[in-house]
Amino acid sequence: MAGQFTNRSNQQEMMDDLCCQGTQVERTLEELETINRLLGGNHITLDGIRRILSKYEEIEREFEIADIGCGGGDMLIKVAKWGRSAGVKLRLTGIDANPHIVKYAGRNSQKFPEISYEVLDIFSPAFRQKQFDLVMCSLFTHHFTDEQLTELFAAVKRQSRLGVVINDLHRHWFAYWSIKVLTRYFSKSAMIKNDAPLSVKRGFLREELEKILRASGVEEYQLKWRWAFRWQLIF
């Protein structure tokens, strides 16, 4: 059983189609928010942000954070709520290449003026010209090949003044079959039923992430396994 998880899958997910839109995508984004909340995935990203910013809160009054592959904006909303409760002033930018998803995210976070959005390809020159205090991404890096991630990690290392927080999937047979069963019986989204287990197959083993980090020139980093079958990567 474990043999089929030896290598990362390169099969495209339905969500990779930048033209996808409508009710199915919105239902998928809603269910993803629920899955991340129930399985503790959001905490992993927020914990990484707190750990980085705690070193600078006394000397800096505002931080600019970009969420690449922001999806429906749920993680940005949670970061905004944390910033308000902790008294940390934040300027948050959600970046996604799908204009339909960005439009949905804008509606989703109307009550948070500190959040704005841009439709951008993260491999485009326009994105590479941007600078931030911190770059974060959740369940996003598994959408790309190792070669693309080598390029991306090297780029965001240059583009982030304070650090990068990545939260993504550990490829494991138990995680695959667990999410496959859960989404089969409890999801109403065909996209979730297809993409959620496939995402696990596109996830990472520790040594794969370490190889990508070395190739991208990232020498100092923290890579921790977190429940449920997640990697927290900070550099």
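Derivation of every value follows stated rules applied to the coordinates shown; laboratory data play no part. The model shown is predicted, which means the values in this text are computed figures rather than measured ones. All Cβ positions, glycine included, derive from the backbone under ideal geometry; neighbour counts span all protein chains shown.
Relative contact order for the chain: 25 percent, from Cα pairs under 8 Å spaced at least 6 residues apart, divided by residue count. Counting only GluC sites (Glu not before Pro) that DSSP places in a loop and that have at most 15 other Cβ atoms within 10 Å, the longest clean stretch of the chain runs over 61-218. Structure remark: mean-square fluctuation, Gaussian network model of the chain, C-alpha springs under 10 Å; the largest value among T93, T183, T145 belongs to T145. Seen through its C-alpha gyration tensor, with square-root eigenvalues sorted a ≥ b ≥ c, the range 1-137 comes out prolate because a/c lies at 1.5 or above while a/b is bigger than b/c. Of the trypsin sites (Lys or Arg not before Pro) in the range 73-146, the ones in a loop by DSSP (not H, G, I, E or B) with at most 13 other beta carbons within 10 Å are K111.
For R230, nonlocal amide neighbours, meaning residues 5 or more places apart or on other chains whose placed amide H falls under 5 Å from its own, are H170. By the count of neighbouring beta-carbon atoms within 10 Å, fewest first, S9, S187 end up ordered S9, S187.
Taking the charge dipole of the chain about its Cα centre, with +1 at Lys and Arg Cβ atoms and -1 at Asp and Glu Cβ atoms, the residue from G217, G69, L46 reaching farthest to the positive side is L46. Backbone amide hydrogens, once placed in the peptide plane, bring Y117 within less than 5 Å of G94, excluding anything fewer than 5 places away on its chain. Note that the chain, at 4 °C in a medium of 1.567 mPa s, gets a Stokes-Einstein diffusion coefficient of 72 µm²/s from its Kirkwood radius over C-alpha pairs.
Both radii come from the Cα set of the range 70-152: Rg as radius of gyration, Rh as Kirkwood radius; their ratio Rg/Rh reads 0.97.
In terms of distances greater than 31 angstrom between alpha carbons, the cross-link table entries K89/K201; K55/K111; K89/K157; K89/K224; K157/K201; K188/K211 yield K89/K201; K188/K211. Subtracting the Cα-Cα distance from 0.36 nm times the residue separation, let me have the gained length for E210 to T6 in nm, one decimal. Gain on stretching E210 to T6: 71.9 nm.
Of the beta bridges DSSP finds with both residues in the range 13-234, what % are antiparallel, to the nearest 5? In the range 13-234, DSSP labels about 30 percent of beta bridges as antiparallel.
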